[in-house]
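For reference, the structure is listed below as C-alpha cells.
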C-alpha cells in the first residue's frame, strides 16, 4: 500500500475546520489547535502518556482529556513479582480543563488531584522531566520522585494524521517516540525504584484530535538494546483510516524504519499466552511473552472507556529499510486494546 509521507509544515485542519493533510512524518510537522477543530469540545480528545522502565519495574503515567471523561492514571508494575499497583482518577467533564499543550515539542502539564501532584515538563533541547508526589497511592502509600528522559535531538518519531471513514470532522494526530533513556529515582513507600542510564528507558505517546462516536484501537510499543544498538518500535491499528500512513515503525539508534500494515495474532481465550505479530510486507516476525495484564472500565454518563493492557517482552526480527535484518530479544514494553464509546 502506498503511504503518504509528509515533509512540509502543514495545518491539521483547513479554514472550514475540516481535517486534511493525512499521512505520516518523521517529526511533528503539523500544527494543532483545539479551538480550530470542527468537532464540539466534548468530542475533542487529548492525551500524554509516558512508559518508563528499569530491569525490575515498569511505570505507566497518563493524562487523558476525553471531553466528557477525563482520566489520570499511574501504574507501577513489579516485573519480577508479576504484580502491580495502580492509582487512577476519573474527572467528569474535563472539557479542556487539563490545558494540555498544543505541541508535543514544548509545554508542561501540571495536575493536582486529591493532594497529589503530577508534573510533565519539556526542557530546552528536548529532555523531559517527570515529577510525581502522590501521598495516597494505592494502599495508602506514598509515591514520589523525579525521572529525566533524554535523547539525541536528531532522533526521529513516527507521526501520523488519520481520518475516520464516515466521520467528516474526526481525526487523530499522534506522535510516538520509543527511544528515550531514563535516569532518576521513584520512591514507593519503602521501595526505591532506580532508573539508570543504559538499563532504563522511556516511551512517549502523544495524541490529539476529534473522536468519533466509537473507536477501537490495538497498540504495542517497546524499546531497549540489541547488541550495541538502541532499538524501539511502535505498531498499531484500529478504527481510524490508516490508508494514508500507518503508525508502524521500528527505530534503530533513533532512525525510523517504516512498515506497512501490522497484524496482532492473539489467543481469543487467554491473552497471557504468547502473541505473534506479522506485517503484510513480510518484514516483521515478532513474538510477545506476556508478564501480566490489567482490565479497566471507566464511565461518565453514556461515555465509556474500556482498556485491556498487557506488559511483557518482545523478541523477533525485522527487515530494515536498507534490506538488512535486525534481530532483537526481550525488549520490555506493553500492548493494549482500547475501546471508547459515547
Just for the stretch 200-233: of the residues that are touching a strand residue (DSSP E or B) at 6+ places or on another chain (Cβ under 7 Å) and at positive phi, which one is surrounded by the most Cβ atoms within 10 Å (Cβ to Cβ)?
-> 209
Filtering the stretch 249-285 down to residues that are closer than 19 Å to residue 24 by Cα, touching a residue at least 60 places away in the same chain (Cβ under 8 Å) and in a strand (DSSP E or B) yields 249, 250, 251, 252, 255, 256, 257, 258
Please specify each residue of the stretch 55-86 satisfying the condition of being part of a loop (DSSP other than H, G, I, E, B) and either surrounded by 22 or more Cβ atoms within 10 Å (Cβ to Cβ) or in contact (Cβ under 8 Å) with a residue 24 or more places away in the chain (or both).
-> 55, 56, 67, 68, 79, 80, 82
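Just checking, which of 120, 98 is within 19 Å of the chain's Cα centre (by Cα), modelled with pLDDT of 95 or more and not in a strand (DSSP E or B)? Spell out the reasoning first.
Working: 120 fails: not in a strand (DSSP E or B).
Result of the check over 120, 98: 98.
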Pairs, first on the phi > 0 side of the Ramachandran plot and in contact (Cβ under 8 Å) with a residue 12 or more places away in the chain in the stretch 174-189, second part of a strand (DSSP E or B) and surrounded by 21 or more Cβ atoms within 10 Å (Cβ to Cβ), C-beta under 7 Å, six or more apart = 184/147; 184/195
Across (1) modelled with pLDDT under 95; (2) more than 28 Å from residue 254 (Cβ to Cβ); (3) outside any strand (DSSP E or B), residue 89 clears everything bar (3)
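Answer yes or no as to whether residue 159 is in contact (Cβ under 8 Å) with a residue 60 or more places away in the chain and under 26 Å from residue 108 (Cα atoms).
Numbers: in contact (Cβ under 8 Å) with a residue 60 or more places away in the chain: yes; under 26 Å from residue 108 (Cα atoms): yes.
Considered against the rule, which asks whether it is in contact (Cβ under 8 Å) with a residue 60 or more places away in the chain and under 26 Å from residue 108 (Cα atoms), residue 159 comes out as yes.
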Can you name every residue in the stretch 157-200 that is outside any strand (DSSP E or B), within 30 Å of residue 11 (Cβ to Cβ) and over 21 Å from the mean Cα position of the chain (by Cα)?
-> 165, 166
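The values are calculated or read from the model by the stated rules, or taken from the named source; none is laboratory data. Bear in mind the structure is a predicted one, so any value in this text is a computation, not a measurement. Backbone-built Cβ (ideal geometry, glycine too); neighbour counts: all protein chains shown.
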